[in-house]
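The values are calculated or read from the model by the stated rules, or taken from the named source; none is laboratory data. As the structure is a prediction and not an experimental result, all values here were calculated from the model. Using ideal geometry, Cβ is built from the backbone for each residue, glycine included, and neighbour counts are taken over all protein chains shown. The accessibility values were calculated without ligands, DNA or RNA, using every heavy atom of the protein model including side chains. Shrake-Rupley method; radii C 1.70, N 1.55, O 1.52, S 1.80 Å.
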Amino acid sequence: MSSYRVFRASKASYIAAAFGLIALIFLAAAPWWAGRADMRLLSEIFLYLALASLWNLMAGYAGLVSVGQQAYVGFGGYMLFAMTMFGGLSPLVAIPFAGLLGALISIPVAMLIFRLRGAYFAIGTWVIAEVFRLSFAQVSALGGGSGSSLPAKIVTSMADGREAREALSYWLALGIAVVVIAAIYRFLRSRNGLALTAIRDNELAAGSLGIDIWWMKFVVYVVSAALTAMVGALIFLQKIRISPDAAFSVNDWTAFVIFIVVIGGIGTIEGPIIGTLVFFLLRETLADLGTIYLIILGLVAIVVMLKAPQGIWGVLRSKFDLQLFPLTYRVQTTSSNKGGEQ
């Protein structure tokens with residue numbers, strides 16, 4: 001006679017959680033052991049990881065393949081500048097407000113572009129991003145087409161001393177990456193996350209089961225826009241300068257993000273983490289090669305898509321049956337003679 005045990009977590013996930021906690025403590029202590037350049041690089045890694053995780057939530061689970069997320073990166077950056085320069089808000093207060101405004105502006109945008117499907121949706125998101133770029137280029141109070149810099153008094157108001165400000169900026173970048181990954185993980189483990197996973201696997205079947213597909217996609221889009229705007233505010237708080245071309249760069253804030261998700265593994269939490277590490281390893285190793293570096297990135301993406309369509313993590317997961325972030329249930333059967341896992 002056999003008995004069954006239903007579970008989510010595995011030995012690998014417990015080990016990953018332990019190592020993740022140790023790594024988080026180690027990274028949080030970076031201001032005491034890392035140099036200034038190292039902290040800036042780590043901050044950039046965290047911010048790209050957050051952007052990649054959010055894009056993966058949209059495209060990998062909700063099926064919203066956007067090439068216009070730079071709209072919310074730039075919007076968040078400009079809102080930070082506007083609220084600190086003209087509203088008198090502290091940068092630390094302006095960051096969550098930038099996220100709130102990003103969510104509000106994404107609602108009418110979603111109402112418009114959700115009328116589009118497939119490639120038309122992707123093109124529509126890019127057009128919206130261009131509208132954002134051209135609109136902010138007309139705002140002379142924020143520097144118009146040439147951009148603007150944060151006044152020194154706003155930068156110094158964050159903390160006393162340069163080292164303290166750099167440490168605070170670093171912790172903010174680390175914090176937003178942790179918050180984004182934790183929020184996505186908790187969401188995907190909820191009933192709504194189960195519905196979103198069903199949409200990812202088979203949208204037609206999910207709809208036949210009574211799942212409100214439009215509403216789920218709408219919620220994902222608005223939440224992703226809000227968090228992306230907060231990441232954008234952090235990005236340009238660290239850069240201290242913003243311009244329309246930099247804020248709404250499709251290459252920096254969408255193309256590289258898509259590359260990260262594709263090579264890491266779309267539709268998984270682990271994929272963007274691995275993809276971010278691979279991307280920065282390639283960038284730091286090959287950046288001195290100029291345009292050849294971009295060609296190599298393109299070749300890597302093509303090879304991965306041809307040889308491993310599920311990404312690097314997809315290959316590792318299928319080969320070793322790994323799940324570092326336990327989302328799905330597993331059933332283990334046991335009997336008096338032997339046990340197995342299904």
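Before moving on, here are some points about what is shown:
- Restricting the search to helices (runs of 4 or more DSSP H) fully inside segment 12-105 and requiring at least 3 residues that are free of Cβ contacts under 8 Å to residues at least 60 places away in the same chain and under 19 Å from Ile269 (Cβ atoms) gives an empty result.
- Some residue of segment 184-204 being under 18 Å from Gln70 (Cα atoms) and exposed (fewer than 15 other Cβ atoms within 10 Å of the Cβ): no
- Being at pLDDT 95 or above, among the small types (Gly, Ala, Ser), within 23 Å of Asp201 (Cα to Cα) and in contact with a helix residue (DSSP H, G or I) (Cβ under 6 Å, 6 or more places away or on another chain) holds for only one residue in Ser43, Ser106, Ser53, and it is Ser53.
- Residue, most open to solvent (accessible area, probe 1.4 Å), within segment 287-326, restricted to residues that are among the aromatic types (Phe, Trp, Tyr) and touching a Ser or Thr at 6+ places or on another chain (Cβ under 8 Å): Phe325
- Hits in segment 246-295 (condition: of a type in the set (A, V, I, L, M) and modelled with pLDDT under 90): Leu286, Ala287, Leu289, Ile292, Leu294, Ile295
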